[in-house]
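Comments concern the structure below.
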């Protein structure tokens, strides 16, 4: 099979698709940009076989899509998967409507793509118009969590097949370090939008005032003026004696991987209900956070908001909080009672097996290739 993967943002998802389809009988092409191709070249994908069409700095988006279309024709691409589409809707639709091969789209925001917006805003309506056109051309959709398949089938009007493919996967066994302090990682961009950073900083200050044996490690880029404001608040807490570290490397996943590997537990201060282009999306119901799948990749337990729907496949390694007091008590208890932490780590290791390449392939690949065969016979 000749398959093309389009993504200009999410290396992790490109990584998953490559591992699922990486075999002698398949040929893989990436339609991507310099940032992702750099990450690919510094990853385990570097020595594997793939072709690529790269968006150059001087390219307009339409010129990039023209090069992609030529690649599809010359290399006899049989199917194309669009991992991330959240800009250039009109140009993407112009490209898709030229294709006479099966097209699949990964939905990051289910309501935004499958439900019309209740607005008179012309820009929002224009975006939805092109999203709707793209959806009408798809042979199937990809969601990032199995729970979402039922949501699409029962809460929307989409009728074609829906497949689940996780955001990341587990490739290797993790050697958990023995830390003197309880090390808590907080992955994700520091942007003031998707994370409840006021909550995070407040509980960190409370915890550090009661126990100095706990370290908080932020892993993510500082985005916008809100991110800079949060970072400044972090520096003030450091001056007060809080053990806070921050790591980020935009050109490689190495730093992220190192810090996730060395932590004891992950803190996910997610704002569960959010909006995308004015449309309500709910993490765990219509939208996924990649952090949950990073937990499985690194075999880590997590502390998450009580309102977040946790997939059954990882529930036993996630503990939840409802407010600041329950969070503070929970963390202090884990620090003083390492046996509880050890049990969570064991559960995380067990749960992570569901996300290994062989098991993902077993769940996904047969059904996906079977659909492609059916579509080919219908031509």
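Laboratory data are not the source of any read-out in this text; all were calculated from the coordinates shown. Note that the structure is predicted; figures quoted are calculated from it, not measured. Here the Cβ positions follow ideal geometry from the backbone for every residue, glycine too, while neighbour counts run over all protein chains shown.
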Please report how far the C-alpha centroid of the stretch 299-315 lies from that of the stretch 37-105, rounded to the nearest whole angstrom. 34 Å
Using a simple spin-label model with points 7 Å from Cα along the Cα→Cβ vector, what separation in nm is obtained for residue 280 and residue 120? 2.2 nm
FRET efficiency for residue 42 and residue 245 from the Cβ-Cβ distance with R0 = 30 Å, rounded to 0.05, comes out at 0.85
Likely footprinting exposure, 193, 88, 15, fewest C-beta neighbours within 10 Å first: 193, 88, 15
Among 58, 41, 317, the residue with the largest mean-square fluctuation in a Gaussian network model of the chain built from Cα contacts under 10 Å is 58
Rh (Kirkwood; distinct C-alpha pairs) - the stretch 7-134, Å: 15.8 Å
Counting pairs of Cα atoms in the stretch 322-379, how many percent are more than 16 Å apart? 67 percent
Enter the angle in degrees (range 0 to 90, nearest 10) between the Cα long axis of helix 197-210 and the first principal axis of the Cα atoms of the chain, meaning the one along which they spread out most. 30 degrees
If one computes the Cα centroid of the stretch 160-238 and of the stretch 261-287, what distance in Å separates the two points? 12 Å
List the relative contact order of the stretch 194-343 as a percent without decimals, with contacts defined as Cα pairs under 8 Å and 6+ residues apart. 23 percent
Exposure proxy ranking, count of Cβ atoms within 10 Å, fewest first, for 207, 222: 222, 207
Shape of the stretch 271-346, Cα gyration tensor, a/c cut at 1.5: oblate
How would you rank 106, 138, 286, 47, going from fewest to most other Cβ atoms within 10 Å of each one's own Cβ? 47, 138, 106, 286
Quick note, the stretch 89-215: a/c under 1.5 would make it rounded; otherwise a/b > b/c is prolate and the rest oblate (a ≥ b ≥ c, C-alpha gyration tensor); here it is prolate
Two decimals, Cα atoms only, Kirkwood Rh: what is Rg/Rh over the stretch 224-286? 1.04
Classify the stretch 182-355: rounded, prolate or oblate, from the alpha-carbon gyration tensor (a ≥ b ≥ c, eigenvalue square roots; a/c under 1.5 rounded; otherwise prolate if a/b is larger than b/c)? rounded
Given springs between every Cα pair under 10 Å in a Gaussian network model of the chain, which of 111, 213, 197 has the largest fluctuation? 213
Residue-averaged [θ]222 nm for the chain, counting only DSSP H segments that reach four residues, each worth -39500 (n - 2.57): -14000 deg cm²/dmol
Grab the Cα-Cα distance for residue 316 and residue 178, subtract it from 0.36 nm times how many residues apart they are, and report the gain in nm with one decimal. 47.5 nm
